[in-house]
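Q: The following block contains the structure, expressed as structure tokens.
Just so it is clear, none of the values below were taken in a lab; they were calculated from the coordinates. Just so you know, these numbers come straight off a predicted model, no measurement behind them. Note that each Cβ is placed from the backbone with ideal geometry, even for glycine, and that neighbours are counted across all protein chains shown.
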Amino acid sequence: MARLGHRSVAPGRQSSQPLTSVLLAGAVVIATSAFAADTLNPDALKRLVHQDCGSCHGLSLKGGLGPDLRSQTLQHYDQDVLTGVILDGIPDTAMPPWRPLITEEEAEWIARYLLQQEAQ
Amino acid sequence: MKQLILGLAATLMMTSAHAEPTATGDLGLVIERAKGSVLLVDQSDRAALARIEGLGDLSHASLVYSPDERFAYVFGRDGGLTKVDIVTRQIVNRVVQAGNAIGGAISDDGQLVAVSNYEPGGVRVFDSNTLELVADIPTGSKTIGLVDAPGRRFVFTMWDSGETWIADFATGTPEITKIPDMGKNPYDALITANGRTYITGLFGEDGLTALDLWAEAPEPIRVLPDYGRGQEEMPVYKMPHLEGWALTGREFVLPAVGHHEVLWIDADTLTETGRTQTHGQPVFAMARPDGRQVWVNFAHPLNDTIQVIDSVTKDIIHEFKPGPAVLHMEFTPRGHEVWISVRDANKVMVYDTQTFEKLREIEADSPSGIFFTARAHRTGL
């Protein structure tokens, strides 16, 4: 599993569990990637997108310090490109890498979610 | 008959209004970000009094108060500027003044309300009575760090171009002074309580940049330009806020960017006097009004925790977890209590700042910013 090998991009981070295990803290301390993949939690991911991505991109994703993330704006991006941006950030911009906090499956889910949102 | 009843009801209401005037000095508003409402709260009773709805998208919303502590001007993310009467508990006016806004300020005389906008980038200034547009100041950039300064002035900074502008409304038509080279990607700013020093935090480079607003021609003053150099930066999942940069005795304390620490800076010389390692990326580092303690909250995913730092020893003296997603803290004006919004617990929690005992939990819907009316009398708030 390539994903685990990439978790070291942010040395010194205190929390490197995938989102699912953060939310289930105490239930499963060491989440395996298979476990994470099997237990994608859409509600938790939606919450992450709107509340935490939303701190730069706006609660309704209309943009803020970071750009507009509504589906009509993102349509010309491939899902894979978006997934890569979510996982690794964009150097020299305020977009951070989320790889320390979420799995590849979770990033793929978010990219798909962003592209498929109803036009607002 | 119906009219008579309405008339009677109105008379009764007026009578009771005369009998019990509403004192607003210990009231406050809590932003309910998801619902587009504000919760009117009473600091002394530690209670919610009323919910006022219909304010639009309130993610990242903030507000300022009129000098008489009766009206709140609420700045919404969707560009909405809403004037709320906290005595009658109603919205009295609302304009949608831009597509995407980030904050606002009220002039020292209370007559002008300014809003800074991401889209279209710039500042718009409104009459505080009527909310009619007084001035439109396009900047061509996402505009951040808008504060009021003494002398009917507003100061604000551009994320994209790294300029700070001072708009002087003393004579009616605004006179704009532009100060270039403040640094790369300023993300927020504050003004000291005496209105003299404006400091902007930089995301795109190390350090901060200050302006002495008492100078004839203010020049950028670099603060901690070597801060963080040679150290690996950590990802920033939420930009710190600088409103809470606080003066503790002779020092400012402020959140570092990309590092898990707060920085202490001598207020006179603007040189570093210390660092305190913290639990995570600080978002707010707020001094208790007496300056003796600094309370710090953190970015996702460590945003369930608060640390309290003693400003004399610079040591962490208390750490606790109020709950999921601690977004904001507001001290009572003399600092004996602190109100903390815990978004995902749907609660505002009130703590004693001496004993750290929890005194009360107040139900609120996804609460974020908490604003007590005492802010009406503070420059920069």
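Q: Roughly how many Å is it from the Cα centre of segment B:103-167 to that of segment A:42-95, as a whole number?
A: Rounded to whole Å, the Cα centres lie 28 Å apart.
Q: What shape does segment B:165-311 have by the C-alpha gyration tensor, where a ≥ b ≥ c are the square roots of the eigenvalues, rounded means a/c under 1.5, and otherwise prolate means a/b greater than b/c and oblate the rest?
A: Prolate, because a/c is 1.5 or more and a/b exceeds b/c.
Q: Now for a separate question. Can you show me the helix-derived [θ] at 222 nm for the protein assembly as shown, built from DSSP H runs with n ≥ 4 at -39,500 (n - 2.57) apiece and divided by the number of residues, rounded to the nearest 500.
A: -3500 deg cm²/dmol
Q: Follow-up. Give me a single rounded figure for A:60-71: the average over its residues of other chain Cβ atoms within 10 Å of their Cβ.
A: Per residue, the average neighbour count from other chains is 4.
Q: With a point put 7 Å past each Cα toward its Cβ, work out how far B:T173 is from A:L115 in nm, to one decimal.
A: 5.4 nm
Q: Segment B:46-137: which trypsin sites (Lys or Arg not before Pro) are DSSP loop and have at most 14 other beta-carbon atoms within 10 angstrom?
A: Listed in order of number, the matching sites are B:R89.
Q: Additional query: Indicate the gyration tensor shape class of the protein assembly as shown (rounded, prolate or oblate), computed on the Cα atoms with a ≥ b ≥ c the square roots of the eigenvalues: a/c under 1.5 is rounded; otherwise a/b larger than b/c is prolate and the rest oblate.
A: Rounded shape, in that the Cα axes give a/c under 1.5.
Q: Can I ask one more? With label points built 7 Å along Cα→Cβ from the Cα atoms of B:T313 and B:S44, find their separation and express it in nm.
A: 3.6 nm
Q: Anything over 19 Å Cα to Cα? Flag those among B:K35/B:K142; A:K46/B:K238; B:K142/B:K238; B:K321/B:K347, in the order listed.
A: Flagged as over cut-off: B:K35/B:K142.
Q: Can you figure out the FRET efficiency of A:Q79 with B:R250, using R₀ = 56 Å and their beta-carbon distance, to the nearest 0.05?
A: 0.55
Q: Would you work out which of A:Q75, B:P255, B:A72 lies farthest towards the positive end of the dipole of the protein assembly as shown? Charges go on Cβ: Lys and Arg +1, Asp and Glu -1.
A: Ranked along the dipole, the leading option is B:A72.
Q: Mind running the shape call on segment B:230-346? Use the C-alpha gyration tensor, a ≥ b ≥ c as the square roots of the eigenvalues: rounded below 1.5 for a/c, prolate if a/b tops b/c, oblate otherwise.
A: It comes out oblate by the Cα gyration axes.
Q: Still on this model: Roughly how tilted is helix B:2-19, in degrees to the nearest 10 and between 0 and 90, from the longest Cα axis of chain B?
A: Approximately 50 degrees, to the nearest 10.
Q: For the residues B:E119, B:E233, B:E32, B:E251, what sequence is obtained by ranking on other C-beta atoms within 10 Å, fewest first?
A: Ordered by Cβ neighbours within 10 Å, fewest first: B:E233, B:E119, B:E251, B:E32.
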